Amino acid sequence: MPVGYLLNVVVVGAFTLVALAPPSRPVWAARSAYLLGMAVTEVPHVAAGIPLALATGFALAGGDLAASASSALLLGAAGVVASALAVVAARGVKARDAVADGLRRAGVAVPRPSTWWAWRAALTPLPVRPRRVRRVAGLRYGDDRRQRLDVYHRRDLPAGGPVLVYFHGGGYSSGGKHWEARALLHRLADRGWVCISANYRLRPRAGFEEHLADARSALAWAHEHAADFGGDPTTMVMAGSSAGAHLTSLLASAPGSRLSATICLYGYYGRYYGRTEAEPVPSTPFVLSAVDAPPCFVAHGDLDTWTPVQAARDLAVKLRAESSGPVVLVELPRGQHGFDLFRSWRFASVLDGIDAFLADPRVGVAARSVAAEPQLQLQGKERH
């Protein structure tokens, strides 16, 4: 029996198993399963399908799988793993129906799907920045080394585009502005938006009040400087993933936030670490009034083993009961945490849903067609 091929099948099979059926308890096992299986969950054909196919091809071509009972058993096991990967892939493709259902329930028009969207997502699963989008990296919005942000904008600097301010995830303990939701930043910037992705101070050096202050400071920076990159600061959307969605949900209900809409991806919406009802500053949106909250798009995987989907459902119920704007809740079938790390089938569907949400007349912040203006002299360093 070819040991190398056996190890390949076992390893790919193990990663596929945690993507297909991750444990929900205990907490350490659930979170380990997410970390181990996140790539296979979102891009199974790349993360596991290609290695398995190549290993099988090389083993067959090299004569390592000569006719024998053990070789037949090993090929059968590889077939089972390939079938499991097909199931994982089908889950990602089904996200499109879930997005359409969430839009319909909120009264948002469902866009007509492209006939080749699935092939495009399969062939371009990495969030590559479009050539006409520039990234200006490492701009300061405060004195701390973590108080930095990146700006994504069209190179021709069209004037008057809406502004998106995005905050990363990481449980307030890790993460960075260049990881999640890059496909969202790229897409909107390519359409004339000015997109800002901000870092913020992390635990244990900073606590909840510092996180919240940094988010407010980044928004204030965007209001002051977005026009320098062609943006219209009167039309501003705040977005975030995981902990960033937690920040977004809090500021959405804060007086004077001046937000046109919010986007929350696989967020945690409970109280901050160790806090109780006696906390001096509310750290959960469930104790804040949402009467003045802007329209909101919430997306969450129903197999999320890091932050269970129920909190997203509860947040949508609260927003619908108290706010007047549309609230879209998308429950991604068998979706996990961190689904915006890649431009996968799942996240491509979510992106189309966000497009439809932003274009809804009740939201009204879709990128406008604007004339290009002369290139301005900008500070900061561009990253390719």
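Answer with yes or no whether LEU75 is touching a Leu at 6+ places or on another chain (Cβ under 9 Å), assigned to a loop (DSSP other than H, G, I, E, B), among the hydrophobic types (A, V, I, L, M, F, W, C) and not assigned by TED's automatic domain parsing to the domain that holds LEU303.
Working: touching a Leu at 6+ places or on another chain (Cβ under 9 Å): yes; assigned to a loop (DSSP other than H, G, I, E, B): no; among the hydrophobic types (A, V, I, L, M, F, W, C): yes; not assigned by TED's automatic domain parsing to the domain that holds LEU303: yes.
Against the criterion (touching a Leu at 6+ places or on another chain (Cβ under 9 Å), assigned to a loop (DSSP other than H, G, I, E, B), among the hydrophobic types (A, V, I, L, M, F, W, C) and not assigned by TED's automatic domain parsing to the domain that holds LEU303), LEU75 does not qualify.
Take residues that are within 21 Å of PRO333 (Cβ to Cβ) and tell me which of the helices (runs of 4 or more DSSP H) falling wholly in the stretch 1-72 contain 2 or more.
Details: elements: 3-20, 27-42, 50-61.
In the stretch 1-72, 3-20, 27-42 are the helices (runs of 4 or more DSSP H) which contain 2 or more residues that are within 21 Å of PRO333 (Cβ to Cβ).
Restricting attention to the stretch 38-47, which residues are in contact (Cβ under 8 Å) with a residue 40 or more places away in the chain and over 19 Å from GLY175 (Cβ atoms)?
Filtering the stretch 38-47 for residues in contact (Cβ under 8 Å) with a residue 40 or more places away in the chain gives 38-46.
Matches in the stretch 38-47: VAL40, VAL43, PRO44, HIS45, VAL46.
Answer with yes or no whether LEU139 is in a strand (DSSP E or B) and either closer than 29 Å to ALA220 by Cα or in contact with a helix residue (DSSP H, G or I) (Cβ under 7 Å, 6 or more places away or on another chain) (or both). So that I can check it myself, show each step before the final result.
Values: in a strand (DSSP E or B): yes; either closer than 29 Å to ALA220 by Cα or in contact with a helix residue (DSSP H, G or I) (Cβ under 7 Å, 6 or more places away or on another chain) (or both): yes.
Answer is yes for this residue.
Answer yes if at least one residue in the stretch 176-184 is modelled with pLDDT of 95 or more, within 16 Å of the chain's Cα centre (by Cα) and surrounded by fewer than 19 Cβ atoms within 10 Å (Cβ to Cβ), and no otherwise. Explain how you work it out, then say what you get.
Filtering the stretch 176-184 down to residues modelled with pLDDT of 95 or more leaves 176-177, 180-184.
So of that shortlist, the ones also within 16 Å of the chain's Cα centre (by Cα) come out as 176-177, 180-184.
From what is left, the residues that are surrounded by fewer than 19 Cβ atoms within 10 Å (Cβ to Cβ) are 176.
Yes, the conditions are met somewhere in the stretch 176-184.
Out of everything in the stretch 96-137 that is more than 18 Å from ALA348 (Cα to Cα) and touching a Leu at 6+ places or on another chain (Cβ under 8 Å), what residue ends up being surrounded by the fewest Cβ atoms within 10 Å (Cβ to Cβ)?
Across the stretch 96-137, the extreme among qualifying residues is ARG105.
Condition first: modelled with pLDDT under 90 and not in a helix (DSSP H, G or I). Now tell me which residues in the stretch 78-124 satisfy that.
Across the stretch 78-124, the qualifying residues are PRO111, ARG112, PRO113, SER114, THR115, TRP116.
If only one of GLY37, GLY102 is under 27 Å from the mean Cα position of the chain (by Cα), in the same structural domain as PHE339 (by TED's automatic domain parsing) and under 17 Å from PHE339 (Cβ atoms), which one is it? Full working, then the answer.
Working: GLY37 fails: in the same structural domain as PHE339 (by TED's automatic domain parsing).
Result of the check over GLY37, GLY102: GLY102.
Condition first: of a type in the set (Ser, Thr, Tyr) and surrounded by fewer than 17 Cβ atoms within 10 Å (Cβ to Cβ). Now tell me which residues in the stretch 284-311 satisfy that. Lay out the reasoning, then the answer.
Going residue by residue through the stretch 284-311, those that are of a type in the set (Ser, Thr, Tyr) are 284, 289, 305, 307.
Result: SER289, single match.
What is the one condition in (1) on the phi > 0 side of the Ramachandran plot; (2) touching a Gly at 6+ places or on another chain (Cβ under 8 Å) that GLY63 does not satisfy?
Condition not satisfied by GLY63: (2).
Here's a check for you: in the stretch 192-201, which residue that is crowded, with 20+ Cβ neighbours inside 10 Å and assigned to a loop (DSSP other than H, G, I, E, B) is nearest to the chain's Cα centre (by Cα)?
Just the residues of the stretch 192-201 that are crowded, with 20+ Cβ neighbours inside 10 Å, to begin with: 192-200.
Subsequent filtering for residues that are assigned to a loop (DSSP other than H, G, I, E, B) retains 192-193, 199-200.
Numbers: GLY192: 20, TRP193: 18, ASN199: 15, TYR200: 17 Å.
The residue in question is ASN199.
When the stretch 216-272 is examined, which residues are found to be out of contact with any Pro (no Cβ under 7 Å at 6 or more places or on another chain), of a type in the set (Phe, Trp, Tyr) and more than 24 Å from HIS178 (Cβ to Cβ)?
Answer for the stretch 216-272, where residues must be out of contact with any Pro (no Cβ under 7 Å at 6 or more places or on another chain), of a type in the set (Phe, Trp, Tyr) and more than 24 Å from HIS178 (Cβ to Cβ): just TYR272.
The values are calculated or read from the model by the stated rules, or taken from the named source; none is laboratory data. Being a predicted model, the structure only gives us computed values, none of them experimental. Ideal geometry is used to build each Cβ from the backbone, glycine not excepted, and the neighbour counts take in all protein chains shown.
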